[in-house]
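This report concerns only the one structure given below.
The values are calculated or read from the model by the stated rules, or taken from the named source; none is laboratory data. Fair warning: this is a prediction, and the values are worked out from it, not measured in the lab. Quick reminder, even Gly has a Cβ in these numbers, built from the backbone with ideal geometry, and neighbours come from all protein chains shown.
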Ligand SMILES: Cc1cc2nc3c(=O)[nH]c(=O)nc-3n(C[C@H](O)[C@H](O)[C@H](O)COP(=O)(O)OP(=O)(O)OC[C@H]3O[C@@H](n4cnc5c(N)ncnc54)[C@H](O)[C@@H]3O)c2cc1C
């Protein structure tokens, strides 16, 4: 590869890196932008996720993280519409909502209702007759059901669409890994890759679970590690249902359009372990079948492992580096990076372009002196 010079070099080719590049290029077509990284790395979170857009089922307090995720959910319809019109790659996106059985959330049922009321979150409680009318496929052991106004996306299609859109807008996608950096004092000048050096005026570290390894090369101690999730995908007759179902330690997420239903997931602190254990997958299916009995007869399409990038405080790390003048971070999106994608892209673009003075303190790299 000949030496290439870019205004902005994004390191990481998941939904986070691609959405930043796509948004930057949309706003300023003159910018020369490169994305570095293996886009189909089998352990990357963006293709391993379930695609649930679930700030209300995931959060219990109205903190800045909840607000950020809620804003992102609200941005999704327009984001998908614009993205697919640029990329011409369709993305399954649904606002059918989530279902939470009371049998799974007995301890927190009242607390959740109060939270939803206080925050004006769209929700309904379905009794037995409503459940039989709207979701007769659920087990009768589920008890009352809470319907919550959230969303669902097929995240592999989202990633495909982002990759196509950024390429179409003229982002250079270099499918090569970064192995080092050339830097002087507080300035990074080049990323060293397996295929040569890539010169940049600014760098964005968006390498998911691998961000800490790359930061180490820059002598930065990024407090982030992978949290492994094992998952599987099942074939159920379609069209069946559009809801995303959340149980205790289990969920069933529709990918639709012939792509079946994703059943997840484990949360394992095992480093970069990529193993898939059939007994774990069987247990996931068993637990899901307690809510959705027909799952027992569904055929298994595939199973996989993916790595969630988790910072020590489980908050994203987004913003300017303190150590390097021309480095930005967007990593640590942990369990909700698909949901955060649109808002994260807008937030990062405003920081990179210098349009936003103050970072959200809870997300700022400065909380770790990075
Ligand atoms: C099992 C599972 C289920 C999930 N479910 C959901 C969900 O339902 N909803 C939700 O919102 N979120 C979910 N998530 C979380 C979400 O997937 C992540 O937060 C998000 O995908 C992170 O995206 P990313 O681009 O930062 O990281 P990744 O997708 O991991 O991408 C990192 C990129 O960095 C690249 N890279 C690595 N090393 C280098 C290097 N040396 N040089 C260059 N590039 C490099 C990789 O190749 C990859 O392209 C889930 C995650 C998992 C694992």
If you go through segment 230-243 one residue at a time, do you hit one that is under 19 Å from residue 283 (Cα atoms), assigned to a strand (DSSP E or B) and within 10 Å of the ligand (Cβ to nearest atom)? yes
Note: among 204, 217, just one is over 30 Å from residue 126 (Cβ atoms), surrounded by fewer than 17 Cβ atoms within 10 Å (Cβ to Cβ) and touching a strand residue (DSSP E or B) at 6+ places or on another chain (Cβ under 6 Å), namely 217
Hey, does segment 42-60 have a residue that's more than 8 Å from the ligand (Cβ to nearest atom), under 17 Å from residue 347 (Cα atoms) and not assigned by TED's automatic domain parsing to the domain that holds residue 275? no
Against the definition (over 16 Å from the mean Cα position of the chain (by Cα), within 15 Å of the ligand (Cβ to nearest atom) and not in a loop (DSSP other than H, G, I, E, B)), how does residue 23 come out, yes or no? yes
Quick one: is residue 222 at pLDDT 95 or above, crowded, with 19+ Cβ neighbours inside 10 Å and near the ligand (Cβ under 10 Å from one of its atoms)? no
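Let's see how each residue does on (1) farther than 30 Å from residue 6 by Cα; (2) more than 16 Å from the ligand (Cβ to nearest atom):
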position: 138; (1), (2): yes, yes
position: 148; (1), (2): yes, no
position: 154; (1), (2): yes, no
position: 159; (1), (2): no, no
position: 162; (1), (2): no, no
position: 166; (1), (2): no, no
position: 172; (1), (2): no, no
position: 178; (1), (2): no, no
position: 182; (1), (2): no, no
Residue among 134, 113, 130 that is without any contact (Cβ under 8 Å) to a residue 40 or more places away in the chain, surrounded by 15 or more Cβ atoms within 10 Å (Cβ to Cβ) and out of contact with any helix residue (DSSP H, G or I) (no Cβ under 8 Å at 6 or more places or on another chain): 134
Would you pick out the residues in segment 137-155 that are buried (at least 19 other Cβ atoms within 10 Å of the Cβ) and within 27 Å of the chain's Cα centre (by Cα)? 145, 146, 147, 148, 150, 151, 152, 153, 154, 155
